[in-house]
Amino acid sequence: MAFTSQDLAAIDAAIASGELSVRAADGKQITLRTMDELLKARDAIRAEMASATAARPRSYPRHQLADFSD
């Protein structure tokens with residue numbers, strides 16, 4: 001499952017309010033048993049989002065030098 005920034009915001013809001021239930025961006029309601037599980041889920045979401053961002057290939061500028069010699 002690909003996580004979104006909405007998923008991360010929802011889990012951060014749940015942590016801030018002390019709730020153990022989170023509604024994911026796809027509409028699913030998820031209830032965790034402890035705050036520790038919620039914190040681990042947040043860390044997992046952050047890690048997956050970071051790896052997805054880092055996996056993108058870098059694009060380098062392409063240019064060609066002009067040659068004015070005779």
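Annotations for the structure displayed:
- Residue in the stretch 40-52 that is basic (Lys, Arg) and exposed (fewer than 11 other Cβ atoms within 10 Å of the Cβ) present: no
- In this entry, ALA9 passes the filter for residues that are surrounded by 10 or more Cβ atoms within 10 Å (Cβ to Cβ) and without any contact (Cβ under 8 Å) to a residue 12 or more places away in the chain.
- Scan of the stretch 32-70 for residues that are among the β-branched types (Val, Ile, Thr) and modelled with pLDDT under 90, ordered by number: THR53
- Boolean, ARG33 is more than 15 Å from ALA9 (Cβ to Cβ) and either loosely packed, with under 11 Cβ neighbours inside 10 Å or in contact with a helix residue (DSSP H, G or I) (Cβ under 8 Å, 6 or more places away or on another chain) (or both): yes
- So ALA9, is it of a type in the set (Gly, Ala, Ser) and not in a helix (DSSP H, G or I): no
The values are calculated or read from the model by the stated rules, or taken from the named source; none is laboratory data. Predicted, not measured: the structure shown is a model, and the values here were computed from it. FYI the Cβ positions are ideal-geometry reconstructions off the backbone, even for glycines, and counts take in every protein chain you see.
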